[in-house]
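The values are calculated or read from the model by the stated rules, or taken from the named source; none is laboratory data. A quick note: this is a predicted structure, and the numbers were derived from the prediction, not measured. Quick reminder, even Gly has a Cβ in these numbers, built from the backbone with ideal geometry, and neighbours come from all protein chains shown.
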Number of protein chains: 2
Amino acid sequence: MLDKTSDIAIAAESWLAEFEAALVKPDDGALQKLFHPDSYWRDALALSWTLQTVNGRDDVLQALKALAFKTAPSSFAIAPDRAAPRKVMRAGTDCIEAIFNFETRAGRGNGIIRLIPDASDGNRPKAWTLLTALEELKGFEEQLGSSRPRGAAHSRDFRGPNWLDLRNASSDYSTRDPTVLIVGGGQAGLAIAARLKQLQVDTLIVDRWPRIGDNWRKRYHALTLHNQVQVNHLPYMPFPPNWPTYIPKDKLANWFESYVDAMELNFWTSTEFESGSYGEKEGRWTVTLRRNGEPRLMHPRHVVLATGVSGIPNIPEISGLKDFAGKVVHSSRYDDGENWAGKRALVIGTGNSGHDIAQDLHSSGADVTLVQRSSTLITNIEPSAQLAYSAYNEGTLEDNDLIAASMPVVLARRSHVMLTEQSKQLDQKLLEGLERVGFKLDFGEGGTGWQFKYLSRGGGYYFNVGCSDLVVSGAVKLKQFADIDTFVAAGARLKSGEIVPADLIVLATGYRPQEELVRKLFGDAMAKRVGPIWGFGDGQELRNMYARTPQPGLWFIAGSLAQCRINSKYLALQIKAIEEGLIPRLAPEATEAAVA
Amino acid sequence: MLDKTSDIAIAAESWLAEFEAALVKPDDGALQKLFHPDSYWRDALALSWTLQTVNGRDDVLQALKALAFKTAPSSFAIAPDRAAPRKVMRAGTDCIEAIFNFETRAGRGNGIIRLIPDASDGNRPKAWTLLTALEELKGFEEQLGSSRPRGAAHSRDFRGPNWLDLRNASSDYSTRDPTVLIVGGGQAGLAIAARLKQLQVDTLIVDRWPRIGDNWRKRYHALTLHNQVQVNHLPYMPFPPNWPTYIPKDKLANWFESYVDAMELNFWTSTEFESGSYGEKEGRWTVTLRRNGEPRLMHPRHVVLATGVSGIPNIPEISGLKDFAGKVVHSSRYDDGENWAGKRALVIGTGNSGHDIAQDLHSSGADVTLVQRSSTLITNIEPSAQLAYSAYNEGTLEDNDLIAASMPVVLARRSHVMLTEQSKQLDQKLLEGLERVGFKLDFGEGGTGWQFKYLSRGGGYYFNVGCSDLVVSGAVKLKQFADIDTFVAAGARLKSGEIVPADLIVLATGYRPQEELVRKLFGDAMAKRVGPIWGFGDGQELRNMYARTPQPGLWFIAGSLAQCRINSKYLALQIKAIEEGLIPRLAPEATEAAVA
């Protein structure tokens, strides 16, 4: 295809110009000529007001024409202050990739166009993937940089409330309710709160822990993040350049404290969210909080559940476990191996938690047996587990986030199949060793690797930082759960009759689906209305994530630090759009479903 | 002169190439041809291992040849990742300005060359100003970005100390002494500590206040910074883009707390530095600290006084003040106007503190009289007071800091004369009003404005945020100190016989020179050896600031947030160079002076 930088830019510019012109033509022909048969369109709010992916030219064209008519996108142009149009390989395909800006009636957006040659049409460059993403709402732009708040009020009104007085009053909520109540003060809650603050939406975070950052601080002693710092920045306040590659839990926890203050977020610690109900007529929630033990009623217009994929511990029914004489604890309540030197531990579950806890116990001098319930994906933390993030090693965070948002899930799966193959090669020695000791390996659904295990079920893999090596060497023993008959007072009794003695059993058995949290907080009817949360199901987007749900005013945000950073932007813009009357509280499809 | 961007770049590149070649030539001729008769050279460590400015071609050439011989500068090239060569106006002169990189035997540096036409030589572009600045020491580069620490140790050693354990141990100093002890935990101390940490020099900050940031937090209620956020970043951790233009004191104080944690600085609060003496033979100090009341001896190799220009209050001898029946307080101990509603206050001193305190008292309902002791420079906070920082409104912080470092003081004065003239015009209405009520105005020494009043004596000006308007309107009364005969129990008795009654007298009378802090902590002999601190005297550099002093192992850092950010880098590099044996503890000139 084209080689010279200028040719590449011209190809991208031409495509955008023709695209803009074709959008306003009544007939299909002009638009069809621009898209490859195997093309994809992802929209993040700009035209659809939701997060949606459409696969295949026919469906793409149909959706585009319908939504373009309503939103009037225009002024498509290569973004001058971002990575220039270039040739790259994505999901194994060479393409021209260009970042562009555009406008709609209600906002300004940016996007990415990828062009590949259409062999059936003289190798003319056509759209392979298109992303149209909302960047800001006209009239409600964020106050950043040169449009930052002045603070002049503090300079001139000497006896008026100063900054600290205003912060304290803002966090008080004794005489007002927040517009948005966020449940959970980890990275998900912090990211959405910071974005909403930037859009001047009155927001309160409530969190059960006594200190900001405890969701990390209270984890086990040796925990660090398992992917690299440059991927994990929070919005508006990137980690400094001297921070370690793998951020230790306490350092991250303290940064969360700094973040709340620097971003001027309202955050109530030691506050439980007990229950809530929605008033259709008023368009408000009635929620019951318990703050430092004291009840408080609130009436936010929106509730965002940001408790993460790791909310309600999954305690499986295990035969005989009630007869076990020793200590039983779910991985989420596991504290420290310190007390178990010289003791014997069974760790049931071979995901990340199971392995980390087994390693912690082993390092503390315990005799550890890992019990495998289902096959697990194992990969070394370096280089394999970081392959998925290689794009973040260069270029700006903003560009890389847009690139991440631009990949339709079909192509993301394709990418990860290739990365998983590559990882298999790199991890060969380790994987052979694990197989030798009977560990059951998998490589994800359809070989899509750990990323899609995470996106589908929130776990089922382990980034090896040493425990797998202990399993291979036998220093940590391995048993298959299927070989266990039942549990007895002394430990586990295998089908062979052998007793595996234990003083401690750790259930590293994951978490319940978030639907159960909805049921617990809001009742069966609402859980039924909302449906499954997380995972793709048969669709192209994570279900009920970062967008309007079938329950007006109820939202969900979860995932990695990167997902929270990227998607909090779009979630915040939707809430703002609703508050400013630009879109309805219920998405059209949901309205139709509700009416049906 | 040259107009096209490419011509400008070529002119700069040619000059650098000829400069590099001429430096190694035995005769003067080649080098002389490159410099304008009216030229200046500033070196920040790279060739001279200190901060020095040389004025005039002859002296520049002589110094260059001597120092180039020792340090072997080479590889001069336009810096590809910084602002490209361009035409600009500096200090009223049009010039070509280019940022370049280079190397020396011991380090890597960057600099700025400014070229102007030499009318006596066919308008050939020649060096007008040259900056050569050390950026890093070979073998001791900072670990940033892709060379950041990995944190892998935390990932793999599950029972070893984790990050928090290591931070606590690092701050403990129960079994070791810091290499560098920093006295004062405001922006000066924080900046130098962060830079030293990056160079892996074991550093401890001690500060008398109970909480990090108290040096700002404990100031009066309405205080905000008086210049804009983009100028005031601390090293490595710029303020987020959503921060207000004028940062409120509590917000800044809290950022300091975050900074200490994020930069992993060792900081002891509630710790007084009582005294110290230097052991020549051991090359170490013996210092006495008092931490939470408990004494502690320490033996650092270096002591950095970072208590700022506002260290020891200046309480002038004032006739009859001991007879005054009301309350007397120095501005540094002034708390809040709240208690003075309906009372009468005399505020003696018309610098920034005096005006701010007068405005605070007035806003609290007190009857306020400002008493002027000497002429004062008054300028409106906007736009006039910000004119000096206009360069920071665009371009990168690093480029702007290098530009600031590159201006010899002679040209900086020239710049400020022009800015002061411009300010006079902009402030005309206010200044006329002040003169009408008898306020005595000045415009700095030789009309160099507020910046040089600050650099010479640390005060003597006020950025009007409202108090001058109150003085003009008479809402705040004005008296001249010269009209006061003496103080009496009731207040001030004027020479006319009139009594000006008061309940409160605030002495906004500034601070003692830092030499007195040296005397107080270290004794007369050391104060004599060190000499005057701050101000230019007859020289081109701030005396005893950011560089080796006549006392081995004793350093000073003070000034604005910008000065601390810029100069902490050079101060840290000198300490590191000494610790690594690259340069001696005492600068050569000082050694000569000591031996003489």
Number of the condition not met by B:Lys70 [criteria: (1) closer than 26 Å to B:Glu136 by Cβ; (2) in contact (Cβ under 8 Å) with a residue 24 or more places away in the chain]: (2)
Residues located in segment A:452-477, provided they are of a type in the set (S, T, N, Q), part of a helix (DSSP H, G or I) and modelled with pLDDT of 95 or more: A:Ser468, A:Ser473
Take the conditions small (Gly, Ala, Ser), in contact with a helix residue (DSSP H, G or I) (Cβ under 9 Å, 6 or more places away or on another chain) and more than 14 Å from chain B (Cβ to nearest Cβ) and apply them to A:Gly466. Does it pass? no
From the set of residues in segment A:269-299 that are assigned to a strand (DSSP E or B) and of a type in the set (D, E, K, R), which is nearest to A:Arg148 (Cα to Cα)? A:Arg284
What about B:Pro235, is it within 21 Å of B:Asp356 (Cβ to Cβ) and not hydroxyl-bearing (Ser, Thr, Tyr)? no
Filter result for A:Ala98 (at pLDDT 95 or above and touching a Pro at 6+ places or on another chain (Cβ under 9 Å)): yes
Assess whether A:Ala475 counts as being aliphatic (A, V, I, L, M) and more than 26 Å from A:Ala222 (Cβ to Cβ). no
If you take the residues in segment A:412-451 that are part of a helix (DSSP H, G or I) and of a type in the set (S, T, N, Q), which one is surrounded by the most Cβ atoms within 10 Å (Cβ to Cβ)? A:Ser423
Residue in segment B:302-310 that is polar (S, T, N, Q), at pLDDT below 95, within 15 Å of B:Leu504 (Cβ to Cβ) and surrounded by 23 or more Cβ atoms within 10 Å (Cβ to Cβ) present: no
Name the pairs whose Cβ atoms lie under 7 Å apart, with the first residue in segment B:134-146 and within 14 Å of another protein chain (Cβ to nearest Cβ) and under 16 Å from B:Ala194 (Cβ atoms), the second assigned to a loop (DSSP other than H, G, I, E, B) and hydrophobic (A, V, I, L, M, F, W, C), and 6 or more positions between them or separate chains? B:Glu142/B:Leu199
Suppose the filter is under 23 Å from the mean Cα position of the chain (by Cα) and farther than 22 Å from A:Ala558 by Cα; does A:Thr245 pass it? yes
What's the number of the condition B:Thr286 fails, among (1) modelled with pLDDT under 95; (2) β-branched (Val, Ile, Thr); (3) touching a Ser or Thr at 6+ places or on another chain (Cβ under 8 Å)? (1)
Just to confirm my filter: which helices (runs of 4 or more DSSP H) fall fully inside segment A:185-268 and include at least 1 residues that are touching a Leu at 6+ places or on another chain (Cβ under 8 Å), within 11 Å of chain B (Cβ to nearest Cβ) and under 25 Å from A:Gln386 (Cβ atoms)? A:249-262
From the set of residues in segment A:165-184 that are surrounded by 21 or more Cβ atoms within 10 Å (Cβ to Cβ) and outside any strand (DSSP E or B), which is farthest from the other protein chains (Cβ to nearest Cβ)? A:Gly184
What are the pairs with Cβ atoms under 7 angstrom where one residue, in segment B:168-192, is under 17 Å from B:Gly213 (Cβ atoms) and the other, located anywhere, is part of a loop (DSSP other than H, G, I, E, B) and polar (S, T, N, Q)? Sequence gap at least six, or different chains. B:Val183/B:Thr307; B:Gly184/B:Thr307
Here are B:Asp503, B:Asp483: which of them is surrounded by fewer than 20 Cβ atoms within 10 Å (Cβ to Cβ), touching a Lys or Arg at 6+ places or on another chain (Cβ under 8 Å) and closer than 20 Å to B:Asp336 by Cα? B:Asp503
Determine, yes or no, whether A:Ala492 is surrounded by fewer than 14 Cβ atoms within 10 Å (Cβ to Cβ) and not in a loop (DSSP other than H, G, I, E, B). no
Given (1) within 21 Å of B:His233 (Cα to Cα); (2) surrounded by fewer than 17 Cβ atoms within 10 Å (Cβ to Cβ); (3) among the β-branched types (Val, Ile, Thr), index of the condition A:Thr286 fails: (1)
Any chance segment A:370-377 includes a residue that's without any contact (Cβ under 8 Å) to a residue 24 or more places away in the chain, surrounded by fewer than 16 Cβ atoms within 10 Å (Cβ to Cβ) and over 25 Å from A:Phe324 (Cβ atoms)? no
Looking only at segment B:86-131, which residues are without any contact (Cβ under 8 Å) to a residue 40 or more places away in the chain and assigned to a loop (DSSP other than H, G, I, E, B)? B:Arg105, B:Gly122
Going residue by residue through segment B:312-320, is there one that turns out to be closer than 27 Å to B:Trp534 by Cα, free of Cβ contacts under 8 Å to residues at least 40 places away in the same chain and of a type outside the set (S, T, N, Q)? yes
Please work out which one of (1) part of a strand (DSSP E or B); (2) at pLDDT below 95 is the condition A:Leu134 fails and give its number. (2)
What helices (runs of 4 or more DSSP H) lie completely within segment A:511-596 and have 1 or more residues being surrounded by fewer than 18 Cβ atoms within 10 Å (Cβ to Cβ)? A:514-522, A:524-530, A:588-595
For segment A:361-398, enumerate the residues that are of a type in the set (Gly, Ala, Ser), within 15 Å of A:Phe443 (Cα to Cα) and away from chain B (no Cβ under 14 Å). A:Ser374, A:Ser375, A:Ser384, A:Ala388
Condition check: in contact with a Leu (Cβ under 9 Å, 6 or more places away or on another chain), assigned to a strand (DSSP E or B), under 19 Å from A:Gln451 (Cβ atoms) and at pLDDT 95 or above. Does A:Thr369 satisfy that? no
